[in-house]
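Chemist: Please find one structure pasted underneath; my questions will follow.
All of the numbers you see were taken from the coordinates with simple rules; none came from a lab. Remember, it's a predicted structure, so these values are computed and weren't measured experimentally. Because the Cβ atoms are built from the backbone with ideal geometry, glycine has one as well, and the counts that use them run over all protein chains shown.
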Amino acid sequence: MPDHEFSAGELRASETYRLMTSLITPRPIAWVSTLSLAGVPNLAPFSYFQGVCSNPPTIVLGIAYNRDGSPKDTLRNILDRQEFVVNHVSRGLCEAMNQTSAAYPPEVSEWPDAGVSQVASTKVAVPRVGEAHASLECRLKHVVPLGEGPSGMPSSALVVAEVIHFRVAQGLVTRDDRGRVLPIDPGALKAVGRLGGIAYTTTDGVFELPRPANPTPPKEPTTSE
């Protein structure tokens, strides 16, 4: 049977969303805490999220606009305050994370319904999730508008931010005999990733692949004079 072929320009936005979120998996979840100018703490999950640079440590978020062209609370708060926190999502926090994906009005905080604790961050004014295994305190660097939505405003925004502080729960970080940080055990981290639809996955089942050796350059041919 022939493969399925799609010209992206001929698909509805809902169809490209289904393909993107089904094929680009598993996706890490950024559980983003922000603070409005009025002081209302916001908490919402996003799975268009990735780390893109280590020096300086940089992450990107894709945040869609509302259908009427207004920015979602998270984006508006990031634009207003230029800072936010990405909280790690583990299996024990899935239900709380999912609750915060509901459409709350800007003046209502998601935190009480999520049932998680607000803890002061170290370098930003935005609180972090106390129960999270890790949190990344971030400062905004760039916002890039993407596409065009039904209202004529952008359909999404690419948020580029620098991580200025890492917090990792006790017992998860180990070091080698030279004091260098080693990879964190995925099974202990219990990270949750997003799949297509309403499906999720965890890092409980993992396998390792050693990096291949660099190929040996071909020898230069010998010539005789």
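Chemist: Within the range 52-70, take every residue that is under 13 Å from the mean Cα position of the chain (by Cα) and surrounded by 14 or more Cβ atoms within 10 Å (Cβ to Cβ) and give me the one that is farthest from Gly149 (Cα to Cα).
Modeler: Of everything passing the filter in the range 52-70, Thr58 is farthest from Gly149 (Cα to Cα).
Chemist: Could I ask something else about it? Taking into account only those residues within the range 49-75 that are of a type outside the set (Val, Ile, Thr) and touching a Ser or Thr at 6+ places or on another chain (Cβ under 8 Å), which is nearest to Val86 (Cα to Cα)? Talk me through it step by step, then tell me what you get.
Modeler: If we filter the range 49-75 for residues that are of a type outside the set (Val, Ile, Thr), which is where we start, we get 49-51, 53-57, 61-62, 64-73, 75.
So of that shortlist, the ones also touching a Ser or Thr at 6+ places or on another chain (Cβ under 8 Å) come out as 51, 62, 64-65, 67-69, 73.
Working: Gly51: 11, Gly62: 13, Ala64: 17, Tyr65: 19, Arg67: 25, Asp68: 26, Gly69: 24, Asp73: 15 Å.
The selected residue is Gly51.
Chemist: Next question. Which of the residues spanning the range 2-36 are assigned to a loop (DSSP other than H, G, I, E, B) and surrounded by 16 or more Cβ atoms within 10 Å (Cβ to Cβ)? Full working, then the answer.
Modeler: Going through the range 2-36, the residues assigned to a loop (DSSP other than H, G, I, E, B) turn out to be 2-7, 11-12, 24-26, 29, 36.
Once the filter is applied, which keeps residues that are assigned to a loop (DSSP other than H, G, I, E, B) and surrounded by 16 or more Cβ atoms within 10 Å (Cβ to Cβ), the range 2-36 yields Pro26, Ile29, Ser36.
Chemist: While we're looking at this one, here's another question. Being within 22 Å of Phe46 (Cβ to Cβ) and assigned to a loop (DSSP other than H, G, I, E, B) is the filter; apply it to the range 185-225 and report the residue that is nearest to the chain's Cα centre (by Cα). Let's see the steps before the verdict.
Modeler: Initial filter on the range 185-225 (within 22 Å of Phe46 (Cβ to Cβ)): 186, 189-203.
Among the residues that remain, those that are also assigned to a loop (DSSP other than H, G, I, E, B) are: 190, 195-199, 203.
Numbers: Lys190: 16, Leu195: 13, Gly196: 16, Gly197: 17, Ile198: 17, Ala199: 17, Thr203: 16 Å.
Step by step, filter the range 185-225, then rank; the result is Leu195.
Chemist: Any idea which residue in the range 71-88 is surrounded by the fewest Cβ atoms within 10 Å (Cβ to Cβ), counting only those that are in contact (Cβ under 8 Å) with a residue 60 or more places away in the chain and more than 12 Å from Ser33 (Cα to Cα)?
Modeler: Leu79
Chemist: Tell me the residue from Gly196, Gly152, Gly187, Gly147 that is surrounded by 10 or more Cβ atoms within 10 Å (Cβ to Cβ) and touching a residue at least 24 places away in the same chain (Cβ under 8 Å), please. Don't jump to the end; show me each part of the working.
Modeler: Values: Gly152 fails: surrounded by 10 or more Cβ atoms within 10 Å (Cβ to Cβ); Gly187 fails: touching a residue at least 24 places away in the same chain (Cβ under 8 Å); Gly147 fails: touching a residue at least 24 places away in the same chain (Cβ under 8 Å).
Of the residues listed, the single one that is surrounded by 10 or more Cβ atoms within 10 Å (Cβ to Cβ) and touching a residue at least 24 places away in the same chain (Cβ under 8 Å) is Gly196.
Chemist: Now for a separate question. So which residues in the range 104-133 are within 18 Å of Glu83 (Cα to Cα) and in contact with a Lys or Arg (Cβ under 9 Å, 6 or more places away or on another chain)?
Modeler: Within the range 104-133, Pro106, Gln118, Val119, Ala120, Ser121, Thr122, Lys123, Val124, Ala125, Val126, Arg128 meet the criteria.
Chemist: Quick check, is Arg167 more than 22 Å from Pro71 (Cβ to Cβ), of a type in the set (D, E, K, R) and either within 16 Å of the chain's Cα centre (by Cα) or in a strand (DSSP E or B) (or both)? Walk me through it before giving the result.
Modeler: On the way: more than 22 Å from Pro71 (Cβ to Cβ): yes; of a type in the set (D, E, K, R): yes; either within 16 Å of the chain's Cα centre (by Cα) or in a strand (DSSP E or B) (or both): yes.
It is true that Arg167 is more than 22 Å from Pro71 (Cβ to Cβ), of a type in the set (D, E, K, R) and either within 16 Å of the chain's Cα centre (by Cα) or in a strand (DSSP E or B) (or both).
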